[in-house]
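The values are calculated or read from the model by the stated rules, or taken from the named source; none is laboratory data. Everything quoted here is computed from the prediction, not taken from an experiment. Reconstructed Cβ throughout: ideal geometry from the backbone, glycine too, with neighbour counts over all protein chains shown.
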Amino acid sequence: MILVSESPVTWQGFLLVSKLLYPVGYTRCPRVKVKLVMPNYPSFDEAQISFGKHIAFLRNEKFSREVKNSIKSQKTVLSFLSQLQLLIDKYIHNTDNKVYIPFDFESTKDFLDDIKAALQNQSDVQLSCDRNLNTIKLFLREIFLTLQRSKNIDIPWNVISSNMPENFKKVVVLSKNLNAVVTKFKWQVELLEKAWEQLKEIDENCWVIDPPKPNKCHLHRRIHLSQSICVTITIDPNAPTVVPTIQFSGSDNEVKRQMEDTSSNIHNWDPDCNILDNLRMLLNIYIFPEQQDSLDESQGVISNRQCGICFFELSETDELPNKICNNQKCMKHFHSTCLSMWLQTNAANQVVFEHIYGSCPHCKEDISCPIEC
């Protein structure tokens, strides 16, 4: 702090705040710009304090009140500034919104040093940034991740766009410096490669109905098996060759039969075998059906994908209908949520083991689904 005016007496400068507020790997402490005006020096009567723009988040009623109380209780400028430094540290640590305090030139220089270190990293990852240093883009083998520096010290990066699965993006952005981000990005891409190979096999040889346009961020595939049933396969990227998560959707009779086949065959899964061969063995089928451009309305699962209750293909949570009527002449599709709500309107329908049992809204055949509250 330096004396910049004697009439009125004015000090101006910076207060260093806790290094805990600054990203790991940096040696300088962040600073808060402060200006203290004392018209009646050495008395603190009518003294005024102001801060630089980077501490604007502290300008609230509680903080202002504590600063005023501190001004009234102090006898010297040095004791007041020491108390103010402690107050700023305490308030930032106690706030729910931890904030990284930048400081103009030095923070920009540190960021440039961080980018330089990342560029010198012997890696296949391509790195670029915009002219204002607002965004950083990482690119490796068709996988990209675009980041923006955050003010949150716990999660120092915001993801602007990416084609990586959600959980893998989160792992990358937890890194404190850019060099670590680049390294983790490469590790995550390499980890996902085997899972993507498995999914590509499914895409090229099966009738995939969800996602409609698979990309690298999707680790699941919903496969058409017949008019009355389909199966959703979800690959575990940490163990892509083991048995995937499997969920059937369709008519109750077909789902029950297929689950029994799967249960009896699951011990034969071979991690060293091709995923398609494993799936054929598991599902007890000889060949996966080929994709068709169109089917008659009476053929069920693909042509008539709309829910028979809400008349939409996708639910509010972007899910396809996953229940199909057992009646071969009906085979209407329903979202579980829609069917559950419909069945709950009839007080006579029974609930057993978190499933509700009733009649199909179209043909009155027996039907059931998990109960949705």
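A few remarks follow.
- For LYS151: the one exception among (1) at pLDDT below 75; (2) part of a helix (DSSP H, G or I): (2)
- Meets criteria (closer than 21 Å to PRO212 by Cα, modelled with pLDDT under 85, surrounded by 12 or more Cβ atoms within 10 Å (Cβ to Cβ) and touching a helix residue (DSSP H, G or I) at 6+ places or on another chain (Cβ under 6 Å)) for ASN326: no
- Check on GLN198, free of Cβ contacts under 8 Å to residues at least 40 places away in the same chain, in contact with a helix residue (DSSP H, G or I) (Cβ under 7 Å, 6 or more places away or on another chain) and either surrounded by 20 or more Cβ atoms within 10 Å (Cβ to Cβ) or more than 30 Å from CYS307 (Cβ to Cβ) (or both): no
- Some residue of the range 175-188 being surrounded by 14 or more Cβ atoms within 10 Å (Cβ to Cβ) and part of a strand (DSSP E or B): no
- For the range 311-327, a residue qualifies if it is of a type outside the set (Lys, Arg) and within 12 Å of CYS360 (Cβ to Cβ), and the qualifying residues are ILE324, CYS325, ASN326, ASN327.
- Set LEU279, LEU320: member being closer than 30 Å to LEU192 by Cα, at pLDDT below 90 and crowded, with 16+ Cβ neighbours inside 10 Å: LEU320
- Which numbered condition ARG221 fails, given (1) under 25 Å from LEU147 (Cβ atoms); (2) crowded, with 19+ Cβ neighbours inside 10 Å; (3) free of Cβ contacts under 8 Å to residues at least 40 places away in the same chain: (1)
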